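Just below is one structure, and these are the notes that go with it.
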Amino acid sequence: MHRRMFLQSGLVAAAALTGTSLPVLSAIAHASPCRPSPSSWNNDAITSCWIGHSTILLNIHGTIIITDPVLFDAVGVTLAGRTIGINRHSAPALQRHEIPRPDLVLLSHAHMDHTDIASLEYITSTYPDAVHCLCAYNTKDIVAELPWKSCRELDWWDSISVGGVSITAVEVLHNGWRYPWERDRREGFTRTGRSYNGYLMTSKTTSLLFAGDTAFTESFRELRGVPIHTAFMPIGAYDGFADNHCTPEQAVAMACSLDVQAIAPMHCQTFRQSAEPMNEPMQRFLQELRRRERSSAWSAIGETIVSRA
């Protein structure tokens, strides 16, 4: 099965076109127990904070980057000012007005829980013509009309520098369509289908890996030999969807196959997207790290890690 559970958002859009109504799924937005303080972060260091889901806020030697920003209470299709889709189980660690102006937004792929138009509209309207955007191949059209400073697609293994940080698009194993009827690279539309990225971020002698959304893949072998301080690995939404989402154990295995100092989980504890219990991904992730005698960079939304490298 090459479709993930977030098909629901596509079906909502189709329902809108056919006049069928679908309900918003209920959820409880639990507040994060951790309160990050970006204003206190040192520009001489690398600081990373888990805002929730796949949203990571980074200060890389003074360059502010945010990945897949999802800052509102729900993701899905917006109709008459209301989002029809899925609601958050956990609130973001920072409210959207507390997010500092990013120099760069990194978008891994077109799914609505990663390319959230409401969040991107908020960022670009708050900081018009001031924020760069990098996105996957054949996905720029979704966000191009927003007032970015620049907006560029990166195909796998393409690189660009922003604010002194080198960004390389990394091949992952996922699917790319935003709506089910769109062409998808995973389905063999190599040049015309929507693609999906991870990203390697390098500043000075330190690299970070944002793995985006991925099933288990050997593509990360291309990064062997690269000294990576932290790998941000997706660990949730795998029950019934292993063709698109790795298990916690697979996430650890992929990170451990590289020269990684720290492993930071993401893509869990925020939205209910598959059948596993909300707490299971983190429990399995931590158990696997203990088995390998490794430790987690964080285990809760809002936690922050700092590297002086």
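Before moving on, here are some points about what is shown:
- Kyte-Doolittle mean at least -1.0, axial Cα span of 15 Å or more - DSSP H helices of the chain: 7-18
- The chain - charge dipole about Cα centre, Lys and Arg +1 at Cβ, Asp and Glu -1, debye rounded to 20: 200
- Pairs of alpha carbons in segment 41-163 whose separation is greater than 19 Å (percent): 46
- Orientation-averaged projected area, Cα convex hull of segment 230-309 (nm²): 5.4
- Considering all C-alpha pairs of the chain, those separated by over 35 Å amount to 11%.
- Solvent-accessible area of H111 with every protein chain in place, 1.4 Å probe, in Å² to the nearest 10: 10
- Each Lys and Arg Cβ is given +1 and each Asp and Glu Cβ -1; about its Cα centre, segment 128-194 then shows a dipole of about 60 debye.
- Dipole check for segment 192-286: with +1 at the C-beta of Lys and Arg, -1 at the C-beta of Asp and Glu, and the Cα centre as origin, the magnitude is about 300 Debye.
- Whole-angstrom Cα spans of segment 142-234 along principal axes, big to small: 42, 35, 21
- Approximate spin-label separation R224-D73, in nm, with each point projected 7 Å along Cα-to-Cβ: 4.9
- Top positive-direction residue, dipole computed over segment 151-306 with Cβ charges, set Y199, L286, T217: Y199
- DSSP beta bridge pairing in segment 202-264, given as percent antiparallel to the nearest 5: 20
- Put the Cα centre of segment 273-300 next to the Cα centre of segment 222-259 and the gap is 12 Å.
- Ordered from highest to lowest accessible area with the whole protein assembly present and a 1.4 Å probe, R291, R224, R186 read as R291, R224, R186.
- Placing a label point 7 Å from the Cα of I160 along the Cα-to-Cβ line, the residues of segment 98-131 whose backbone N sits under 15 Å from it are 103-109, 129-131.
- Accessible-area ranking of D213, D129, largest first, probe 1.4 Å: D129, D213
- Accessible surface comparison of S54, S166, S40, probe 1.4 Å, protein chains only, largest first: the order is S40, S166, S54.
- Most fluctuating residue given options E121, E218, E288, as computed from a GNM of the chain linking Cα atoms under 10 Å: E218
- Kirkwood hydrodynamic radius (C-alpha pairs) into Stokes-Einstein, segment 33-111, 37 °C and 0.692 mPa s, D in µm²/s: 241
- Placing dummy labels 7 Å off each Cα toward the beta-carbon, the span from W181 to A300 is 4.6 nm.
- Within the chain, helix-based [θ] at 222 nm, where runs of 4 or more DSSP H residues each add -39,500 (n - 2.57), nearest 500: -4000 deg cm²/dmol
- Rg/Rg_globular for segment 233-278, with Rg_globular taken as 2.2 N^0.38 Å and Rg from C-alpha atoms: 1.16
The values are calculated or read from the model by the stated rules, or taken from the named source; none is laboratory data. Small disclaimer: the values here were computed from a predicted structure and weren't measured. So basically every Cβ, Gly included, is an ideal-geometry build from the backbone, and we count neighbours across all protein chains shown. All accessible areas refer to the heavy atoms of the entire protein, side chains included, with ligands and DNA or RNA removed. Shrake-Rupley method; radii C 1.70, N 1.55, O 1.52, S 1.80 Å.
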